[in-house]
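Student: Please find one structure pasted underneath; my questions will follow.
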Amino acid sequence: MSRTHSVLIAHRENLAAEGMAAALSRFPGILPAAVATTADEAEACGREVDAVALDGEIEGAERAAARLRSAGVRVVMLGIRSDVEDLWVSPQETMATLAAALIPGTRDPRVLQGSLSPREREVLELVAKGLPGKQVARELGISTKTVEQHKSRIFTKLGVPNQTAAACLAVAGDIGGSL
């Protein structure tokens, strides 16, 4: 299974930071760990995460970015492009672009919609409704072992570690289809 990466969103407006954190939580492998509204908060909390999205308009943002980078934290600047070695994402970009900048290789969950077979979709739909494996098997007329094999393939295709994460994507509607 893929590793979960913790991220911090630092934006001068708390509502914007919380919104970005919520949107990033839809991406498999990304765990928004905290939000911050100042450079000092970003620097203090940012040392505990894998990556930081830092609003370039925050006073002291470039100083905080430099210190975080020197501590080995991946920093993505939001909205500004400086001459420094910054990774940056324009406000006109999508959340998928920000997710991929923070954690390279991150896939947009909406792209995953075509990756599941019709049977895997049926299994996931029933699992997302809370049915245990035996009931899923009975409902679909297959063995519980086959249900477990389908679930294993679903987790791999969606890039999630377990049934709960897969069901969350299904309930959120991030994998398309009729789920």
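Student: Scan (1) modelled with pLDDT under 90; (2) assigned to a loop (DSSP other than H, G, I, E, B) for the single condition A101 breaks and write down its number.
Tutor: (2)
Student: Mind listing just one residue for me: the one in the range 116-143 that is in a loop (DSSP other than H, G, I, E, B) and within 16 Å of L158 (Cβ to Cβ) and, of those, farthest from the chain's Cα centre (by Cα)? Write out each step before concluding.
Tutor: Of the residues in the range 116-143, the ones in a loop (DSSP other than H, G, I, E, B) are 116-117, 129-132, 141-143.
This time we only want the ones that are within 16 Å of L158 (Cβ to Cβ), so: 116-117.
Details: L116: 19, S117: 23 Å.
Within the range 116-143, the match that is farthest from the chain's Cα centre (by Cα) is S117.
Student: So A39 passes all but one of these: (1) touching a Gly at 6+ places or on another chain (Cβ under 6 Å); (2) exposed (fewer than 15 other Cβ atoms within 10 Å of the Cβ). Which condition number does it fail?
Tutor: Checking A39 against (1) touching a Gly at 6+ places or on another chain (Cβ under 6 Å); (2) exposed (fewer than 15 other Cβ atoms within 10 Å of the Cβ), the one that fails is (2).
Student: Scan the range 14-40 residue by residue and report those that are in contact (Cβ under 8 Å) with a residue 40 or more places away in the chain and part of a loop (DSSP other than H, G, I, E, B).
Tutor: Of all residues in the range 14-40, those in contact (Cβ under 8 Å) with a residue 40 or more places away in the chain come to 20, 23-24, 26-30.
Listed by number, the residues that qualify are R26, F27, P28, G29.
The values are calculated or read from the model by the stated rules, or taken from the named source; none is laboratory data. Computed from a prediction, not measured in an experiment: that's the story for all the values here. All Cβ positions, glycine included, derive from the backbone under ideal geometry; neighbour counts span all protein chains shown.
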